[in-house]
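See below for the structure under consideration.
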Amino acid sequence: MNTVEENRKMLADAIAVIKDHVALEPRIGIILGTGLGSLVDGIEMAGVVDYDSIPHFPVSTVESHAGRLLFGKLRGKPVVCMQGRFHYYEGYSFQQIGFPIRVLKALGVQTLIVSNAAGGLNPNFAPGDIMVIKDHINFFPGNPLIGRNDDSLGDRFPDMYEVYNRKYVQLAKDVALQQDLRLQEGVYVGLTGPCLETAAEYRMLRTFGADAVGMSTVPEVITAHHQHSKILGFSIITDMGLPDNMHPCSLEDVIGTASAAEPKLRDLIAGCVERM
Ligand code: HPA
């Protein structure tokens with residue numbers, strides 16, 4: 001287990017290299033999930049840093065993820081995008097998954113926008129829908145905050161009050177209305193994957209109060225909340241996990257649906273960023 005000093009040194013190493021490459025100080029961080037990489041189209045680019053050039057940064061192993069930090073302005077606001085993220089099922093520890101979130105904060109990020117592809121559990125949802133995340137359930141077998149706590153970053157026992165900023169949830173609804181977009185709202189449950197769920201598991205997760213299920217987001221959000229970042233999260237519903245109406249689901253289906261819905265999410269995120 002790392003000491004607080006070791007963690008600080010790792011962060012300082014990463015920041016030094018990034019600041020060497022880019023002058024822009026981002027205020028908003030955006031994590032692009034599966035199939036959402038081209039959300040960056042609307043960004044006026046100021047710099048790119050590949051993950052593999054950043055000390056201690058994990059390197060993405062999933063082909064649908066590019067693996068770089070993109071800096072620039074989105075609707076006039078300085079942002080950094082993580083194009084490619086890290087999943088527990090790839091073999092990373094929760095601390096490794098959280099490291100980039102620490103890096104974003106150290107670069108100046110105050111607001112984190114997360115996106116993911118998720119299976120729909122709420123029968124009122126349909127594939128292609130976008131859901132603003134109002135809360136989550138951590139079904140991962142662990143927590144990124146396990147280990148020594150750096151009190152300069154956040155509390156040892158963070159409370160989980162309003163993890164997903166309520167004003168931002170309302171902002172997303174307002175922007176969606178303006179854009180004539182049907183926006184769902186719900187609870188995201190995160191678990192390890194890489195299997196999708198059995199019918200019995202979908203039923204259980206729905207009974208537990210979840211509206212969508214996926215394999216990411218929760219570790220990053222816990223890390224971001226610990227360090228007092230404001231959080232706005234979106235899921236693209238790529239497939240439905242309805243226990244009494246199961247269909248085969250392939251990665252191609254998931255990525256295809258995510259890509260088709262991407263322009264909607266891109267405009268929604270840009271609209272939110274503009275008004276943040
Ligand atoms: N389950 C878990 N993760 C997912 C799913 C799902 O049905 N769809 C997209 N990511």
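What follows draws every value from the coordinates through simple rules; no lab data is involved. Computed from a prediction, not measured in an experiment: that's the story for all the values here. Don't worry about glycine lacking a Cβ; one is built from the backbone with ideal geometry, like all the others, and counts go over all protein chains shown.
Fully extending the segment from ARG8 to ASP180 would add 57.4 nm, taking 0.36 nm per residue of separation and subtracting the current Cα-Cα distance.
Of the residues SER259, SER53, SER216, the one that moves most in a GNM of the chain with alpha-carbon contacts below 10 Å is SER53. Convex hull volume of the Cα atoms of the chain, normalised per residue: 115 Å³.
The C-alpha atoms of the chain define a longest principal axis, and helix 251-274 lies at about 60 degrees to it. The alpha carbon convex hull volume per residue for the range 126-193 rounds to 117 Å³. Build a GNM of the chain with springs between Cα atoms under 10 Å apart, and of ALA14, ALA212, ALA117 the one that fluctuates most is ALA14. Entry note: the range 1-151 has Rg to Rh equal to 0.97, where both radii use alpha-carbon atoms and Rh is the Kirkwood radius.
Note on the range 216-255 and the range 153-200: Cα centroid distance 9 Å, given to the nearest whole angstrom. Against the main long axis of the alpha-carbon atoms of the chain, helix 4-21 sits at an angle near 90°. Taking the DSSP bridge list for the chain and keeping only pairs wholly inside it, about 40 percent are antiparallel. Each label point was placed 7 Å from the Cα along the Cα-to-Cβ direction; for ALA126 and PHE208 their separation is 2.9 nm. Taking a straight line from the alpha carbon of LYS173, these lysines sit under 22 Å away, with near neighbours fewer than eight places off in the same chain left out: LYS77, LYS134, LYS230, LYS264. Relative contact order, whole percent, for the chain stands at 25, derived from Cα pairs under 8 Å and 6 or more residues apart.
The fraction of all Cα pairs in the range 89-218 landing in successive 10 Å bins from 0 to the largest distance is 10, 37, 36, 16, 1, given as whole percents. From least to most packed, judged by other beta carbons within 10 angstrom and beginning with the fewest, CYS249, CYS195, CYS81, CYS272 follow the order CYS195, CYS249, CYS272, CYS81.
Could you work out how far helix 94-107 tilts from the main Cα principal axis of the chain, as a 0 to 90 degree angle to the nearest 10? Once rounded, one gets 60 degrees. Here's the picture: charge each Lys and Arg Cβ at +1 and each Asp and Glu Cβ at -1 in the chain, and of VAL218, VAL17, PRO263 the one pushed furthest to the positive end of that dipole is VAL17. Computing Rg and the Kirkwood Rh from the Cα coordinates of the range 200-276 gives a ratio, Rg/Rh, of 1.02. Please list, by residue number, everything in the range 17-45 whose backbone N is under 16 Å from a paramagnetic label point 7 Å out along Cα→Cβ of ARG75. Correct set: 27-31, 39-44.
The fewest-to-most ranking of MET1, MET45, MET131, MET204 by surrounding Cβ atoms within 10 Å reads MET1, MET45, MET204, MET131.
Dividing the helix sum by the residues of the chain, where each DSSP H run of 4 or more adds -39500 (n - 2.57), gives a mean residue ellipticity at 222 nm of -10000 deg cm²/dmol.
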